[in-house]
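Comments concern the structure below.
The values are calculated or read from the model by the stated rules, or taken from the named source; none is laboratory data. Note that this is a predicted model, so its numbers are computed, not measured. Virtual Cβ from ideal backbone geometry, glycine too; neighbours counted across all protein chains shown. Ligands, DNA and RNA are stripped out before the accessible areas are found, and what is left, the full protein with its side chains, is counted by its heavy atoms. Shrake-Rupley method; radii C 1.70, N 1.55, O 1.52, S 1.80 Å.
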Amino acid sequence: MTAPARTDRGSEELIRAEEPVLAHNYHPLPVVVARAEGAWVEDVEGRRYLDMLAGYSALNFGHRHPALVEAAHRQLDRLTLTSRAFHNDRLAGFAERLAALTGTDMVLPMNTGAEAVESGIKVARKWAYDVKGVPADRATIVVAADNFHGRTTTIVSFSTDETARSGFGPFTPGFRIVPYNDLAAMEAAVDETTAAVLIEPIQGEAGGLIPDDGYLAGVRELTRRKGCLFVADEIQSGLGRTGHTLAVEHESVVPDVVLLGKALGGGIVPVSAVVGSREVLGVLHPGEHGSTFGGNPLAAAVGTAVVELLETGEFQRRAAELGTVLREGLAALVGRGVVGFRARGLWAGVDVDPSLGGGREISERLMREGILVKDTHGSTIRLAPPLTVTAEELAGALGTLEKVLTT
Ligand SMILES: *Cc1c(COP(=O)(O)O)cnc(C)c1O
């Protein structure tokens, strides 16, 4: 029996085919992407869409950036995997350049964002016991309400999103949840057992919530004064998105530990990392933590090419400049279908007038007009195109948003 030619199936047929065989843990927009380049994707029928989500910032450099694809191709032809049982010739260069880019000493390479978060939690706890002197198994980590740090059992243990948690207990203890953007509450939650404060510099999943000016600097001051670590989850906010290499640079803050992921893999392979000072990452010894694929040569080659792109500063500059276009465009829509928005760099959470439909409905209407976005909660949509998008493309997308909201 011959299998049907998969490529002969149209979008609707492919969507129907997923239903019985694919776990229903997502509810994608009804678009089936078959190819992509730069900021544009094309579906099975050849319809083109501007990608205004960019894989939640995994595609900061656009789809198939030539330098990244070339780095991947070159590495595919040479060496792809060794495991960390052996050294590989790509890892030292990757770690050196990533540490230099982020102004840190050491790199712990992982694959997915959730793994970087898990690794950051383990490192912070180990630091608390080995360096700070917290009694065994007593370490606490202070986190913010409405956080999004990933989907593992430990990470959903400190989520405040019931959909993400419900049905997955029992949960990992040792976390204290305080309101985001509230330094007094954080101060009250930090005590002698606290290993770290773990926050997102901008809460993406929560709708692009930007804390008040001074909050990140305040977290830095507080954690230093209280003697615990500041761990910044920059998996979505980092690597150019906000107009800086790291979003914490907006307040000239240097955390003890930064978690990176998403864009670090150039939209090609999963690459994540924990970067931080030698005092902190130095607590790990052989055998205490690891990952079969972490730091593999293909990931290191692509990650190095990503760092090379960021070293030019071009993408950070584009995000800052185009961010002005984005903010001005959105400001013009306030009162005309938009009730409010938050934006930094090329990243916005847009609250749409609920009477015009939920975020999902607006996303579907934008899809039919050739713009791909993702809703978050309620009537909020997020806009985060690749940093390679042009000002004209961005203006076009804002024009389409206006059309969808006003006609
Ligand atoms: C996406 C994301 C994660 C999890 O990354 P995965 O690669 O999906 O595991 C963690 N933190 C933040 C802020 C994220 O945006």
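Numbers for the structure displayed
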quantity	calculated
Inter-part distance where the stretch 322-387 and the stretch 60-113 are each reduced to a Cα centre, Å	33 Å
Full-stretch length increase - Glu192, Ala85 - with 0.36 nm per residue and alpha-carbon distance subtracted	34.8 nm
FRET efficiency, 1/(1 + (r/R0)^6) with R0 41 Å, evaluated for Arg225 and Glu37 via beta carbons	0.25
Within the accessible area of the chain (1.4 Å probe), percent carbon and sulfur	54 percent
Modelled label reach - Glu311, point 7 Å along Cα→Cβ, the stretch 228-265 residues with backbone N closer than 18 Å	239-240, 245-246, 264-265
Heavy-atom accessible area per residue - the stretch 215-281, 1.4 Å, Å²	27 Å²
Cα gyration tensor, the stretch 146-297 - rounded (a/c under 1.5), prolate or oblate	rounded
Difference of contour (0.36 nm per residue) and Cα-Cα distance, Glu369 to Arg9	127.3 nm
Contour minus Cα-Cα distance for Arg78 and Arg64 (0.36 nm per residue)	3.0 nm
Amide H partners (placed H, <5 Å) of Val389, local residues excluded	none
Under the Karplus curve 6.51 cos²θ - 1.76 cosθ + 1.60, θ = phi - 60°, whole-Hz ³J(HN,Hα) for the stretch 330-343, x wherever Gly or Pro sits	6, 4, 5, 9, 5, x, 10, x, 10, 8, x, 7, 10, 9
FRET efficiency for Glu279 and Phe168, using Cβ-Cβ distance with R0 set to 35 Å, rounded to 0.05	0.55
Equivalent ellipsoid semi-axes - Cα gyration tensor, the chain, angstrom	34, 27, 21
Acute angle (nearest 10 degrees) that the helix 215-226 long axis makes with the longest principal axis of the chain, alpha-carbon atoms	20 degrees
Relative contact order, percent, the stretch 66-311 [alpha-carbon distance under 8 Å, six or more residues apart]	32 percent
Normalised per residue, the volume of the convex hull around the Cα set of the stretch 259-407 (Å³)	149 Å³
Derived scalar couplings ³J(HN,Hα) [the stretch 49-61; Karplus, 6.51 cos²θ - 1.76 cosθ + 1.60; whole Hz; x for Gly, Pro]	9, 7, 7, 9, 10, 6, x, 6, 5, 5, 10, 4, 9
FRET efficiency estimate (nearest 0.05) - Cβ-Cβ, Asp353 to Glu19, R0 35 angstrom	0.60
Under 19 Å from Lys226, Cα to Cα: aspartates and glutamates that are on another chain or at least 8 residues apart	Asp130, Asp182, Glu187, Asp191, Glu192, Asp256, Glu279
HN-Hα J in Hz across the stretch 38-44 - Karplus 6.51, -1.76, 1.60, θ = phi - 60°, x for Gly and Pro	x, 8, 10, 10, 10, 8, 4
Whole-percent pair-distance distribution, where bins are 10 Å wide, for the alpha carbons of the stretch 15-172	8, 21, 31, 28, 10, 2, 0
Label-point gap, in nm, between Asp130 and Ala391 - each point 7 angstrom along Cα→Cβ	5.1 nm
Rounded to the nearest 10 Å², the accessible area of Ile235 at probe 1.4 Å	20 Å²
Cα-based Rg and Dmax for the stretch 199-255, where Dmax is the largest Cα-Cα distance (Å)	10.9, 31
Largest-first principal axis extents, alpha carbons of the stretch 53-96, Å	37, 20, 18
Estimated inter-spin distance, His27 and Ala332, nm [label 7 Å along Cα→Cβ]	3.3 nm
Under 29 Å from the Cα of Lys374 - lysines, other chains or at least 8 residues apart	Lys262, Lys403
For Tyr215, solvent-accessible area (1.4 Å; no DNA, RNA or ligand), Å²	10 Å²
For Ser83, solvent-accessible area (1.4 Å; no DNA, RNA or ligand), Å²	40 Å²
